[in-house]
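Engineer: Provided herewith is a single structure, encoded as structure tokens, for subsequent inquiry.
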Amino acid sequence: MRHGKKVNHLGRTAPHRKAMLSNMAASLIKNKRIVTTVAKAKALRVYVEPLITKSKEDNTHNRRTVFSYLRDKDAIKELFGTISEKVASRPGGYTRILKLGNRMGDNAEVAMIELVDFNEYFQGFGGEKASAKKTTRRGRSKSAKANAEGETTAETAE
């Protein structure tokens, strides 16, 4: 029985699981999104989000701490460079897991895990709607405003 066990062992020994999560986290940081099983994506989210939080404050101690988890200099550079700038104002929730369906070979549930701030589709989708509607309903209605503009153009024409 698994009562009170919070870590999903993913059918691996501890060093294998640690190496796998480290490699997956480095791949996620470099590529901004990866496709994996749902169970691995959920385990990766728990692994990588504290690392992203540490990257917000760029100092030697945090770099060394994150390097002990990732073991990839290029991923560290990317994490403390572009990623930390984008997530600086976000209080948490840096990753998004989207379920894609089942894999053909073994029918495993497949999901895509991605960094939230690096998805241009969702940013453009929400941003355009919010910025497009800036008008207020105070004062005149549209027809009254059009009539007023028509009067001013008529006056200038005379």
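Engineer: Condition first: surrounded by fewer than 17 Cβ atoms within 10 Å (Cβ to Cβ) and among the aliphatic types (A, V, I, L, M). Now tell me which residues in segment 74-109 satisfy that.
Structural biologist: Within segment 74-109, ALA88, ILE97, LEU98, LEU100, MET104, ALA108 qualify.
Engineer: Please tell me if THR60 is of a type in the set (Val, Ile, Thr) and within 20 Å of LYS6 (Cβ to Cβ).
Structural biologist: No, not satisfied.
Engineer: Given PHE118, PHE67, PHE122, which one is at pLDDT 95 or above, hydrophobic (A, V, I, L, M, F, W, C) and within 30 Å of LEU10 (Cβ to Cβ)?
Structural biologist: Within the list PHE118, PHE67, PHE122, the selection yields PHE67.
Engineer: Go through segment 38-70 and give me each residue that's charged (D, E, K, R), under 23 Å from MET112 (Cα atoms) and over 16 Å from the mean Cα position of the chain (by Cα).
Structural biologist: Hit for segment 38-70 is LYS40, nothing else.
Engineer: If GLY127 passes every condition in (1) surrounded by 10 or more Cβ atoms within 10 Å (Cβ to Cβ); (2) at pLDDT 60 or above; (3) within 18 Å of the chain's Cα centre (by Cα); (4) assigned to a helix (DSSP H, G or I) but one, which one does it miss?
Structural biologist: (2)
The values are calculated or read from the model by the stated rules, or taken from the named source; none is laboratory data. Here the structure is a predicted model, which means the values were calculated and not measured. Ideal geometry is used to build each Cβ from the backbone, glycine not excepted, and the neighbour counts take in all protein chains shown.
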